[in-house]
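Asker: Quick one: the structure is below, and I'll ask about it shortly.
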Amino acid sequence: MARFEILEHTADVGIRAEAVDLSGVFEQATLGLLDIVGTWAPSRAAAEEVELDVGAADPGALLVDWLGEVLYLCDSRDVVVTSMDLEVTPRRAGGRLGIAPREEASYEGGTQVKAITYHRLAVEESGDGWSATVYVDV
């Protein structure tokens, strides 16, 4: 059931993610973000593994903070993400991301994201699992 979908908006781009558990929905939202910015490269070998760990008062704020850290990592280190292994609870998200130096072809079709927003933010649990909707400012 895990998947993500890109949502169109006037000045933003949205991501809707679904999965059976909270870790899965964060993974799908992260894949959505990486798809938007063009920095998901699972076919490349990781040059390095980086650990990220963030905490927040609720799952929505946690998702915004997590995606902000992933975006910062890609921008500040000029890298693509090659793999990820996440562990998420309602107030803490952590995991290992495999990264590799960006090559010019890596950004083909990517869009620069300025920030992760709280606009229409939702992270919810239902009988079928978890879903999240988050918008990024482009």
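Asker: Kindly state which strands (runs of 3 or more DSSP E) lie completely within the stretch 1-60 and contain at least 1 residues that are without any contact (Cβ under 8 Å) to a residue 12 or more places away in the chain. Quick ask: steps written out before the conclusion?
Answerer: On the way: elements: 3-8, 12-19, 48-55.
Hits in the stretch 1-60: 3-8.
Asker: Output the number of residues of the stretch 95-108 satisfying the condition of being open to solvent by 10 Å² or more (accessible area, probe 1.4 Å) and either in a helix (DSSP H, G or I) or at pLDDT 95 or above (or both). Quick ask: steps written out before the conclusion?
Answerer: We begin by selecting, within the stretch 95-108, every residue open to solvent by 10 Å² or more (accessible area, probe 1.4 Å); these are 95-96, 101-108.
If we keep only those that are either in a helix (DSSP H, G or I) or at pLDDT 95 or above (or both) as well, we get 95-96, 104-107.
Counting residues in the stretch 95-108 that are open to solvent by 10 Å² or more (accessible area, probe 1.4 Å) and either in a helix (DSSP H, G or I) or at pLDDT 95 or above (or both) gives 6.
Asker: Out of the residues in the stretch 109-138 that are open to solvent by 60 Å² or more (accessible area, probe 1.4 Å) and small (Gly, Ala, Ser), which is modelled with the lowest pLDDT?
Answerer: Applying the filter and picking the extreme gives Gly109.
The values are calculated or read from the model by the stated rules, or taken from the named source; none is laboratory data. All values derive from a computational prediction rather than experimental measurement. Counting neighbours? That spans all protein chains shown, and the Cβs are built from the backbone with ideal geometry, glycine included. When the accessible area is computed, the model is the full protein with side chains, heavy atoms only, and any ligands, DNA or RNA have been set aside. Shrake-Rupley method; radii C 1.70, N 1.55, O 1.52, S 1.80 Å.
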